[in-house]
């Protein structure tokens with residue numbers, strides 16, 4: 001492990017993906033909660049022409065210049081989407097689709113243009129399509145941190161406003177909050193999150209870095225602060241996992257490996273998260289159904305007992321109880337009732353209520369037969 | 001020349017094949033599913049390459065299309081579980097399938113002849129070299145046959161289910177009540193979208209399929225409200241964009257798919273700006289005309305209020321309109337010019353007087369207000 005961390009490239013890549021994972025996880029939480037998950041997809045594609053134009057205009061291949069171009073193009077993309085949605089005939093999904101594909105197409109056109117320039121080569125620019133984490137150098141990582149840290153600070157400073165906007169924009173407006181400006185801030189932060197991910201995971205997969213950690217974190221908590229923190233953690237974990245995966249075997253592209261790790265976290269969260277997870281709900285469903293069956297069997301036994309001159313401990317054959325409860329197999333139900341001390345097994349396969357069981361059945365019947373209020 | 005013509009034919013066929021299901025996607029607000037599907041089919045294509053070494057047989061094309069449908073099924077499963085909302089579900093599923101595909105391609109670059117760039121970005125220029133031959137006879141480029149086949153399927157689906165699609169698009173509830181099985185139509189449509197994406201991928205690449213599917217219908221939507229016309233216009237716009245984009249790409253030596261998408265984007269931008277009724281310019285002109293009209297009403301009402309009253313000498317001065325109604329000088333001049341021209345007011349000694357027509361207008365406007 002220590003020799004592993006001494007490798008310069010690996011250390012840089014790890015630093016870069018941690019910065020990216022933490023920031024995109026935190027920002028992605030807001031995107032997911034505001035149902036704007038796919039905005040990130042559109043904006044990351046929209047950044048491509050900005051990168052190429054920045055290169056064409058400045059002639060420089062410095063990461064800072066290219067990312068500035070990306071940020072400007074991404075911002076123009078959000079403006080285009082807002083302008084389109086304002087008219088009543090273009091819906092948001094179409095607007096996102098158009099910005100995504102047209103900006104990206106323009107980016108490709110510019111890219112072929114740039115590649116024909118003398119000495120341009122394509123190596124510098126097409127890494128932004130799928131990302132090449134291995135090309136990260138110290139200055140890139142510092143730049144990513146320099147974008148991510150102040151942005152996170154802004155997130156903390158405007159926490160209350162962002163939270164209100166996310167959960168009740170109408171109320172925020174009624175309170176006199178400058179909703180448009182807060183929204184613009186959030187979109188700007190989203191664009192920045194995309195920009196710092198472009199070099200590592202590329203325009204095509206960047207949206208997953210926003211959505212997956214947030215969707216995983218959402219399963220574990222109902223509090224925004226915890227969700228943002230967990231999403232940042234999930235982003236960092238998947239970043240580190242992806243880097244380890246891609247460095248441990250040859251020809252494992254880092255970007256897709258990171259996305260795969262993030263998706264595994266999502267699957268695990270969907271399955272195992274307490275309260276919300278699929279496994280949890282299945283167990284709860286089974287428990288509730290068993291409880292319902294128990295009450296039903298007790299109720300039926302009480303009904304039958306009362307036909308026998310009200311002798312509550314009158315034994316009933318299991319087949320009779322079964323025929324009254326066609327929904328479920330009564331054998332396991334009777335056994336768990338016996339364990340609870342509510343029924344007693346009599347000679348043969350017949351059963352009777354205990355006094356506790358009769359009491360419970362009576363109180364349930366009272367509840368059942370109470371007229372609805 | 002022959003090669004150019006063949007490429008143009010392929011581009012036109014693919015454009016129409018994309019625009020038809022794309023129109024339904026746009027109307028059903030599922031435009032972004034085309035993006036998700038076009039990414040997801042990469043996995044199917046890669047697996048098909050492993051299985052068959054190419055996309056030659058129709059079975060393999062169907063298999064690749066199945067991965068697009070798989071994406072839709074997974075998204076629906078996630079949405080049903082109510083753990084993730086639809087937008088996030090889409091954004092979760094397609095990157096996974098896409099990532100797996102990219103990893104598979106990278107791990108097996110030696111044994112698999114498939115360039116991710118080409119799948120994403122398309123290589124229409126090479127399409128004429130891939131010929132379909134039967135018994136030694138050259139039947140033309142394979143891409144043209146595949147495109148035509150998919151176009152025919154799309155046309156058949158639309159033709160057979162036009163009524164059902166129309167109803168389920170505009171009133172899904174009623175369609176379900178009438179027994180039109182919106183679910184079957186939904187999956188039928190998305191299966192065709194998948195198939196179209198597979199067919200289009202080597203022409204325009206999987207990302208720009210989205211441009212062909214979404215931009216033409218969204219543009220046409222600004223021009224018409226009739227469904228039949230919408231399909232026709234979308235197809236025409238897609239063909240025009242594809243052909244013009246190809247011409248531009250050849251002329252300037254640019255990426256073909258990118259140039260097509262750019263032209264389609266320009267079409268949309270121009271239409272958004274200048275469409276006769278729904279364009280930005282038209283809507284701005286309408287808003288201005290309405291504002292002027294309302295201001296004219298205010299002017300005659302104002303004059304009516306003060307007509308014959310002691311304050312009339314002050315209130316009916318031309319200059320007073322600006323102050324009292326808070327209008328800018330130009331705006332006030334414009335409103336006044338309208339009112340004079342329409343014969344609703346006259347000007348005497350620097351004062352405005354209502355004519356009978358103006359009085360009528362004021363009374364009518366008062367009732368409306």
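Values quoted throughout were computed directly from the atomic coordinates according to the rules given, and no laboratory measurement underlies them. Note that the coordinates shown come from a computational prediction; the quantities given were computed from them, not determined experimentally. Note that each Cβ is placed from the backbone with ideal geometry, even for glycine, and that neighbours are counted across all protein chains shown.
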Exercise for the section: Tell me, rounded to the nearest percent, the portion of alpha carbon pairs in segment B:162-236 spaced more than 16 Å apart. Expected result: 60 percent
Problem - Ellipticity estimate at 222 nm from DSSP helix runs (n ≥ 4, -39,500 (n - 2.57)) divided over chain A, nearest 500 - result: -26000 deg cm²/dmol
Handout entry: Förster radius 25 Å - calculated FRET efficiency between residue B:176 and residue A:368, Cβ distance, rounded to 0.05
Key = 0.10
Exercise for the section: Taking the convex hull of the Cα atoms, report for segment B:281-368 its projected area averaged over all directions, in nm². Expected result: 6.0 nm²
Handout entry: Intensity falloff of segment A:119-230 expressed as log10 I(q)/I(0), Debye formula with alpha-carbon point scatterers, at q = 0.19, 0.20, 0.23 Å⁻¹
Key = -1.10, -1.17, -1.33
Completion exercise
Rg/Rh of chain B (Cα atoms, Kirkwood Rh), to two decimals, equals 1.22
Problem - Kirkwood Rh and Cα Rg combined as Rg over Rh, evaluated for segment A:2-208 - result: 1.00
Handout entry: Gained length - residue A:264 relative to residue A:280, 0.36 nm times residue gap less alpha-carbon distance
Key = 3.9 nm
Practice task
Let me have the 222 nm mean residue ellipticity of chain B computed from DSSP H runs of 4+ only, each contributing -39500 (n - 2.57), with the sum over all residues rounded to the nearest 500.
Solution key: -25500 deg cm²/dmol
Exercise for the section: Quick one: divide the alpha-carbon radius of gyration of segment A:278-327 by 2.2 N^0.38 Å and tell me what you get. Expected result: 1.45
Practice task
Just order A:52-60, A:95-103, B:256-264 by mean Cβ neighbour count inside 10 Å, highest at the front, would you?
Solution key: B:256-264, A:95-103, A:52-60
Handout entry: Principal semi-axes in Å for the protein assembly as shown [√(5λ), Cα gyration tensor, largest first]
Key = 52, 43, 30
Problem - Residue order, fewest to most surrounding Cβ atoms within 10 angstrom, among B:237, B:160, B:248, A:20 - result: B:160, B:248, B:237, A:20
Problem - Per-residue mean of C-beta atoms belonging to partner chains within 10 Å, peptide B:98-108 - result: 6
Exercise for the section: Between B:180, B:331, B:170, find the one with the highest GNM mean-square fluctuation for chain B; connect C-alpha pairs within less than 10 Å. Expected result: B:331
Problem - Ranked list, fewest to most other Cβ atoms within 10 Å of each Cβ, for A:299, B:246, A:8 - result: A:8, A:299, B:246
Practice task
Return B:166, A:127 ranked ascending by Cβ neighbour count within 10 Å, so the fewest neighbours appear first.
Solution key: B:166, A:127
Problem - Rg over Rh [alpha-carbon atoms, Kirkwood Rh] for chain A - result: 1.24
Exercise for the section: From other protein chains only, count the Cβ atoms within 10 Å of every residue's Cβ in A:262-269, then give the mean. Expected result: 3
Exercise for the section: Return P(r) of segment B:19-89 (all Cα-Cα pairs; 10 Å bins starting at 0; whole %; ordered from short to long distances). Expected result: 20, 40, 30, 10, 0
Practice task
Rounded to the nearest 0.05, what FRET efficiency do residue B:236 and residue B:366 give with R0 = 45 Å and r taken as the Cβ-Cβ distance? Could you check?
Solution key: 0.35
Exercise for the section: Can you grab the distance from the C-alpha centre of segment A:23-90 to the C-alpha centre of segment A:120-198, Å, no decimals? Expected result: 10 Å
Practice task
Partner chain Cβ atoms within 10 Å, averaged over the residues of B:206-216 - can you pull that number for me?
Solution key: 5
Fill in the blank from the handout: Over the Cα atoms of segment A:280-369 the radius of gyration and the largest Cα-Cα distance (Dmax), both in Å, equal 12.7, 45
